[in-house]
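Asks: Supplied in structure tokens, the structure appears directly below.
Each reported figure results from applying straightforward, stated rules to the coordinates on display, with no laboratory input. Note that the coordinates shown come from a computational prediction; the quantities given were computed from them, not determined experimentally. Virtual Cβ from ideal backbone geometry, glycine too; neighbours counted across all protein chains shown.
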Amino acid sequence: MAGPEGWWRMTLRMRLDCKHVWAQVSEYIDGAVSGEMKEAIERHLANCRHCSAVYDSTRNILVLAGDERTFEVPVGFGERLHERLQACIDSRGSDA
């Protein structure tokens, strides 16, 4: 069985799907992915408006979290966010 690095190399040879991009988005933002993975993610983001929105939102959240001010989110926001993301994942899975 291939280790994590072997699995990602195999994934890169194929087409990255949204689940793979979402799993790596934080590392991508931090610059902690390999050059090969970075290129694959950038190709995917250029063609996928859903993942581009997730990337932009994640980056914005990290910027806001780094801000020393605090923000209150509405009650139930986390649950609604997870439901929406899961619905997007599920709908994109049927496109593959």
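Asks: With no solvent and one equal point scatterer per Cα, compute the Debye intensity ratio I(q)/I(0) for segment 30-93 at 0.20, 0.22 Å⁻¹ and report its log10, rounded to two decimals.
Replies: -1.01, -1.10
Asks: Another question about this same structure. Given the peptides 28-36, 16-24, 48-56, 60-68, arrange them by the average over their residues of other C-beta atoms within 10 Å, most packed first.
Replies: Peptide ranking by packing, descending: 16-24, 48-56, 28-36, 60-68.
Asks: For an R0 of 30 angstrom, estimate the FRET efficiency from the Cβ-Cβ distance between Leu81 and Ala32 and round to the nearest 0.05.
Replies: Calculated value: 0.80.
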